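Colleague: Please find one structure pasted underneath; my questions will follow.
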Amino acid sequence: MEPHAIVIGAGLAGSSAAERLAARGWRISLIDRAAAPGEGASGNRAGVLRPLPSLDDNRLARLTRAAFTYALAHLQALTAAGLPLRWGQTGVLHLARDERHAATQQRVVAEQAPADGYLRWLDREAASELAGWPVACGGWWFAGGGWVDPASLCRANLARHGAAVQPYYRRQVERIERDGGCWRCFAGNGELIAAAPVLVLANAGEVRRFAAASHLPLRRARGQVSHLPAVAGSPPAIVVCRLGYVTPAIDGLRCAGASFAVDDDEAELRATDHAENLARLEFILPGYSRHFDAASLDGRVGFRPLSPDRLPMVGALADATAVDAACAASSPGELRRLPGLYLCNGFGARGIVWSALAGELLACLVDGSPPPLAADLVAAVDPGRFLLRGRRQRRAAGGPR
Ligand SMILES: Cc1cc2nc3c(=O)[nH]c(=O)nc-3n(C[C@H](O)[C@H](O)[C@H](O)COP(=O)(O)OP(=O)(O)OC[C@H]3O[C@@H](n4cnc5c(N)ncnc54)[C@H](O)[C@@H]3O)c2cc1C
């Protein structure tokens with residue numbers, strides 16, 4: 001098979017998949033309806049990079065730990081290569097919601113004994129000192145975390161392997177079809193945009209327009225970030241989170257967010273969402289929000305591609321038409337896959353965290369090399385999981401997914 005793949009979508013998902021495939025010698029035809037990379041959900045000024053530990057070290061915790069570690073190495077490699085990536089490894093302070101949550105955070109650190117550089121617990125005084133502002137609770141300190149300009153990450157990914165990635169911007173794929181061993185992508189006027197043996201669908205919530213992916217339980221979650229004018233040198237100089245986040249000043253503005261509304265298609269900024277973000281900011285840094293007026297803030301709206309279990313969808317797409325509802329498959333290996341068709345999607349609210357590892361996993365699955373994750377975590381992000389017997393029965397009964 002010719003090592004040539006089409007990737008639809010030049011956001012975090014598509015650019016990461018393209019970069020990892022190109023690193024293995026693949027030629028990539030990258031298609032996006034926008035004029036440049038990172039114009040969709042991946043276009044915020046900055047987002048947060050940090051993992052999400054849990055007391056039981058569940059799949060989300062294990063996956064975000066692996067993804068965070070992988071992302072840091074990737075960002076460092078892009079920076080070392082002189083690529084135009086903007087990020088700041090300022091550290092992330094994840095404050096506890098309340099005293100009960102603070103106790104849980106402390107137990108996680110005590111029981112799991114993570115390396116200091118990865119995670120430490122800070123009491124309220126130490127947290128306030130780091131934030132440069134009095135806070136209500138102590139919290140987790142991820143010294144290696146920080147903020148990332150996601151569109152700059154997309155651009156850096158796509159620039160890394162030079163001419164290996166051929167972009168087709170301002171081209172919307174309306175139809176995909178497989179013919180003669182190749183996937184073909186067509187524009188609305190019937191024009192063939194590109195054809196290749198492998199096709200990676202990384203076009204976020206729009207993927208369900210394609211019949212082969214229409215069964216995926218992917219939804220769009222609208223999010224609005226508020227841009228807060230910032231005086232040079234003012235606190236915080238680190239990222240601070242507490243049911244929301246605020247970044248350090250970047251080019252004179254902080255990002256504070258973010259609102260979250262499923263199946264809300266309003267593309268314009270809303271003052272009500274700015275007010276929500278200011279309320280979040282007040283919860284993070286008491287007294288801080290009084291300097292801002294929701295009616296006069298600027299910001300940005302994006303649409304997160306959300307999966308029901310909040311885990312990404314990375315891997316070969318299963319043939320949903322071949323799944324018999326009466327005796328559905330019980331393991332991913334039993335599912336019939338559509339040849340050459342892959343998904344890199346469902347990044348939800350954590351695309352900055354997922355993208356580098358997801359791109360690497362996707363590339364391993366495409367070229368058959370060993371995946372960078374344990375088998376149960378590969379299965380946890382397999383897009384075929386939504387077609388498995390147990391999950392289908394639970395969904396039909398309205399139970400947990
Ligand atoms: C408000 C907000 C705050 C966030 N904060 C954080 C954060 O702090 N930390 C974090 O880790 N993550 C955060 N995220 C999540 C992260 O931004 C997303 O998970 C990520 O950007 C999704 O990347 P994507 O490539 O899947 O989607 P997108 O960036 O939307 O890319 C999809 C691309 O596909 C293209 N496309 C769609 N359909 C077609 C078609 N038919 N033909 C051609 N092109 C097509 C689009 O133009 C788009 O460029 C946030 C998201 C939002 C909205």
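Colleague: For segment 245-365, with only Lys/Arg (+1) and Asp/Glu (-1) charged at the beta-carbon, what is the dipole magnitude about the Cα centre, in debye rounded to 20?
Modeller: 380 debye
Colleague: If you average the sequence gap of Cα pairs under 8 Å that are 6 or more apart and divide by the length of segment 87-211, what percent do you get for the contact order?
Modeller: On the way: 157 pairs, mean separation 26.5, N = 125.
Relative contact order of segment 87-211: 21 percent.
Colleague: Identify the trypsin sites (Lys or Arg not before Pro) of segment 236-336 meeting these criteria: DSSP loop state and at most 10 other C-beta atoms within 10 Å of the C-beta.
Modeller: none
Colleague: For segment 254-283, run through the GluC sites (Glu not before Pro) and keep only the ones in DSSP coil with at most 15 other Cβ atoms within 10 Å of their Cβ.
Modeller: 266, 268
Colleague: Additional query: Based on the Cα gyration tensor of segment 42-92, what are the three equivalent ellipsoid semi-axes, each the root of five times an eigenvalue, rounded to whole Å and given largest first?
Modeller: 24, 13, 9
Colleague: Let me ask something else about it. For the chain, what is the mean residue ellipticity at 222 nm derived from helices alone (per DSSP H run of n ≥ 4: -39500 (n - 2.57); sum divided by total residues; nearest 500 deg cm²/dmol)?
Modeller: -9000 deg cm²/dmol
Colleague: Just want the answer: with Cβ charges of +1 for Lys and Arg and -1 for Asp and Glu, which residue in 78, 23, 143 is farthest toward the dipole's positive end in the chain?
Modeller: My answer, from the dipole projection, is 23.
Colleague: Can you list residues whose amide H is under 5 Å from residue 183's amide H, if they're 5+ apart or on another chain and H is modeled 1.01 Å from N?
Modeller: Placed amide hydrogens put 196, 198 under 5 Å from residue 183.
Colleague: Against the globular-protein guess of 2.2 N^0.38 Å, express the Cα radius of gyration of the chain as a ratio, rounded to two decimals. Intermediate results must be reported in sequence, preceding the final value.
Modeller: Working: Rg = 21.2 Å, N = 401, 2.2 N^0.38 = 21.5 Å.
With N residues counted in the chain, Rg over 2.2 N^0.38 Å equals 0.99.
Colleague: Could you please report the charge total around residue 91, scoring K, R as +1 and D, E as -1 over all other residues with beta-carbon less than 11 angstrom from its beta-carbon?
Modeller: That sum, taken over residues with Cβ under 11 Å, equals +2.
Colleague: Counting only DSSP beta bridges with both residues in the chain, tell me the antiparallel percent, nearest 5.
Modeller: Of the beta bridges lying entirely in the chain, close to 70 percent run antiparallel.
Colleague: With unit charges on the beta carbon (Lys/Arg positive, Asp/Glu negative), name the residue among 228, 186, 241 whose Cα is farthest towards the positive pole of the charge dipole of segment 179-303.
Modeller: Highest projection toward the positive end goes to 241.
Colleague: In whole percent, what relative contact order does the chain give with Cα contacts below 8 Å and a gap of six or more residues?
Modeller: 21 percent
Colleague: Now a separate question. Which of the peptides 35-43, 138-146, 212-220 is most tightly packed, and how do the rest follow, going by the mean number of other Cβ atoms within 10 Å of each residue?
Modeller: Numbers: 35-43: 21.2, 138-146: 23.3, 212-220: 19.1.
Going from most to least packed, we get 138-146, 35-43, 212-220.
Readers should treat all values here as calculations from the given coordinates under stated rules, not as data from a laboratory. Just so it is clear, the structure is predicted and the values come from calculations on it, not from any experiment. Ideal geometry is used to build each Cβ from the backbone, glycine not excepted, and the neighbour counts take in all protein chains shown.
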